[in-house]
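The values are calculated or read from the model by the stated rules, or taken from the named source; none is laboratory data. Keep in mind that what you see is a predicted model, and the values were worked out from it rather than measured. In this analysis, Cβ positions are derived from the backbone assuming ideal geometry, glycine residues included, and neighbour counts consider all displayed protein chains.
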Amino acid sequence: MLRLLLLVPTTTYRTEDFVEAARKLDVDLVVASERPNVFSERLPDTLLTLDFTDPETAAREMVAFARRTPFNAVVPVDDRTTVVGAAIANTLGLPSNTVAAVSATRNKYQMREALAKAGVPSPPYTLFTLADKPAVAARKVPYPCVLKPTILAASRGVIRADNEGEFVAAFRRIEAILKTPEVTALGAGADQILVEGFIAGREVALEGLLLKGTLQVLALFDKPDPLDGPFFEETIYVTPSRLPAGTQAAIADFTAWAARALGLREGPIHAELRVDETGPWVVEIAARSIGGLCSRTLRFGTGLTLEELILRHALGIEIETLERAPGPSGGGPEPAGVMMIPIPGAGILEEIRGQEAVKAVPGIEEITMTTHLGQELVPLPEGSRYLGFIFARAETPEAVEAALREAHRRLEFVIAPAKETGGGEPGAG
């Protein structure tokens, strides 16, 4: 029986979908998290604890573990596990990207440096640290610009500034985020702020699979809501894209170029790009699949989930087709979309109204709330979680988008004031 090591942070949304995919494939599954599971003592060979912040030590531990029962594949499920996953796979001699390539995707400054070295067009960028004086730094950058932590995900701490005053305010706000204990614990890069020239234009997300260096595009998502700042909270993803075929091809080519520049050759990638009158620009590329529960929008062949496809590729199991499942009228991929329900304000979530009304909207397939009553809500840029996810399928991408907007209109959230607000956990995209 094939044996799979799944690296799953305790904060991820994706455990259920990956475990279900492994069950369907009937593989021998071992799950490793950064915190002990309550059942770890009863299942010491199935539920492991690894320090994801120390890839070298984790790799040595897995080498010793694999001597008894070798693994056929190692699959990290989100950003926090990509580097340690590469380290383990490389040490065990399993197909994977190099640690250096994956590390470049985890630090936005390293990513920009690698892209620039390979000639991939990038906006102007400058790296600052918390030791720099914001007022001095503000005089060294072009406007408008975007300030962002180098190692955080889900648009946390990403802020646009149009002048020096806004720059200083944004710098101070990001500084407060970086000084929280959960961020300082991340280590290298936790004191860095990257400043990039703002890229205008439409934003898209490309979901792909690298096969020995060749990019296979699995889906291209439109983001119909403008993402112009000052914060960059993602909401709606709709696929297939409504962009012209030539533009979509250019996006795919540009993503493949950027992946090569970073040294990525194998496995899933998730790329965020902007498209203006000059063509595509890479915002960032991650060496993992789409975050949150957004993968539930995608079905392949006769019904494979994205997680099943990723596991099949990692384990060397045949994949009949990478084509998306057809839509109800045929002639193209199934139109589908997701709304990551944004947090409307800070405070304590007391009540969610309208969920049954959401389910009555034509085209709505599912609504899943990932925030529980009594939980403290922290909006961007300090937070990074969503209230939940709404999924839709319809005859056309336009109908999908309309269904998601109507569904969101029917929701109402009762939020009580909170005395204090803190940080957030990794979100989607």
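The table for this structure:
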item: Yes/no for E334 being farther than 29 Å from T10 by Cα and touching a residue at least 12 places away in the same chain (Cβ under 8 Å); result: yes
item: Unique residue being of a type in the set (V, I, T) and in contact with a helix residue (DSSP H, G or I) (Cβ under 7 Å, 6 or more places away or on another chain) when the list is T46, T82, T69; result: T82
item: Residue within segment 317-327 that is more than 30 Å from N72 (Cβ to Cβ) and crowded, with 16+ Cβ neighbours inside 10 Å present; result: yes
item: A135 outside the structural domain of T11 (by TED's automatic domain parsing) and in contact with a Cys (Cβ under 6 Å, 6 or more places away or on another chain); result: no
item: Residue pairs meeting the criteria (Cβ under 9 Å; at least 6 apart or on separate chains; first without any contact (Cβ under 8 Å) to a residue 40 or more places away in the chain, in segment 369-395; second buried (at least 23 other Cβ atoms within 10 Å of the Cβ) and of a type in the set (S, T, Y)); result: T371/Y386
item: Evaluation of D276 against (1) surrounded by fewer than 22 Cβ atoms within 10 Å (Cβ to Cβ); (2) closer than 22 Å to T150 by Cα (one fails), failing number; result: (2)
item: F39 in contact with a strand residue (DSSP E or B) (Cβ under 7 Å, 6 or more places away or on another chain) and at pLDDT below 95; result: yes
item: Qualifying residue in segment 157-165 (condition: among the β-branched types (V, I, T), surrounded by 21 or more Cβ atoms within 10 Å (Cβ to Cβ) and assigned to a loop (DSSP other than H, G, I, E, B)); result: yes
item: Residue ID - modelled with the lowest pLDDT, chosen from residues in segment 398-429 that are farther than 23 Å from L293 by Cα and surrounded by 14 or more Cβ atoms within 10 Å (Cβ to Cβ); result: T421
item: Sole residue being basic (K, R), surrounded by fewer than 17 Cβ atoms within 10 Å (Cβ to Cβ) and closer than 30 Å to A252 by Cβ, chosen from K117, K108; result: K117
item: E234 vs. criteria under 15 Å from the mean Cα position of the chain (by Cα) and among the acidic types (D, E); result: yes
item: In segment 112-128, residue nearest to A154 (Cα to Cα) [restricted to those that are touching a strand residue (DSSP E or B) at 6+ places or on another chain (Cβ under 6 Å) and of a type outside the set (S, T, Y)]; result: R112
item: Of all residues making up segment 88-111, the number that are touching a Ser or Thr at 6+ places or on another chain (Cβ under 9 Å) and of a type outside the set (V, I, T); result: 10
